[in-house]
Amino acid sequence: MTQKMQKPDSLIFDMDGTLWDAVDTYARSWNDVFGELGIDITVHSADLAKMVGWEGKKVIGAIMPDFDDERRLEIYALVNAKRHELLPACGGVLYDGVKEGLHRLSQKYPLFILSNCAKGIIRLFIDWAGIDEHITDELAYGVNFMPKSHNIKLLADKHGLKSPVYIGDTSGDSEQSRLAGIPFVFMSYGFGETDDYDLKFDDFKSFTDYFMNL
């Protein structure tokens with residue numbers, strides 16, 4: 001942690017690398033589809049982890065550099081359909097303290113999830129994790145294909161948020177928080193790195209305790 005933060009009126013969370021790690025399931029969704037299509041590409045979890053937080057267009061360009069945009073989007077649609085099959089059964093790894101922390105925090109703050117994932121994935125995560133009662137609203141990149149800075153403002157306008165903070169794990173999360181004009185809280189246990197943050201936490205329980213005591 002760096003400095004004392006003014007108490008926010010809401011908390012907006014990134015999903016992958018902040019609340020859970022579902023990279024193995026995401027990689028399987030790619031590999032299952034490539035296998036079904038007879039495409040000789042293998043996606044490794046370690047490589048996919050480096051792309052967590054990227055917008056979808058950038059991800060599919062990196063994974064399928066030899067395909068044109070139209071074919072990439074066709075395959076990506078199949079991958080996301082596969083994820084809708086896999087995630088309810090396979091899920092991911094919920095980080096220590098997340099479920100208990102969200103329960104506690106929801107008593108004090110409206111909680112939101114905003115991710116660069118495809119449409120419908122946040123809802124699958126919420127249902128799998130059993131946290132629906134704690135989450136006020138969610139918004140994914142795949143709904144409108146707009147950056148997080150834009151979608152943070154959409155959530156703020158929709159719910160009348162005056163002083164939200166964004167909680168994430170990558171430099172992209174930090175950049176988008178700055179563009180949205182709100183504080184950024186960095187969760188160091190996730191997939192990315194950044195030196196540009198207002199507060200930093202190494203585990204979710206410490207984060208929860210801090211914001212419960214504000």
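Over the range 72-214, the reciprocal of the mean inverse Cα-Cα separation, the Kirkwood hydrodynamic radius, stands at 16.1 Å.
In this simple spin-label model, placing a label point 7 Å from the Cα along the Cα-to-Cβ direction at both residue 193 and residue 149 gives a separation of 2.4 nm. The alpha carbon centroids of the range 59-93 and the range 175-206 are separated by 27 Å. The ranking of 23, 185 by Cβ neighbour count inside 10 Å, starting from the fewest, reads 23, 185.
When restricted to Cα atoms, the range 23-90 yields an Rg and a Dmax of 11.1, 32 Å, respectively. Protection proxy ranking of 55-66, 134-145, by the mean of other Cβ atoms within 10 Å over each peptide's residues and highest first, is 134-145, 55-66. For residue 57, which lysines qualify as cross-link partners when the Cα separation must be under 22 Å and same-chain residues fewer than eight apart are set aside? Excluding near neighbours in sequence, the set is 82, 119, 148, 153. Within the chain, no helix built from a complete DSSP H run reaches 27 Å or longer along its own axis (Cα positions) while carrying a mean Kyte-Doolittle hydropathy of 1.6 or higher. When the chain is described by a simple charge dipole with +1 on each Lys and Arg Cβ and -1 on each Asp and Glu Cβ, the residue from 126, 167, 6 located farthest towards its positive end is 6.
None of the figures in this text is laboratory data; all of them are computed from the coordinates on show. What you are looking at is a predicted structure, and each value in this text was computed from that prediction instead of being measured. Here Cβ is always computed from backbone atoms with ideal geometry, including for glycine, and neighbour counts include all displayed protein chains.
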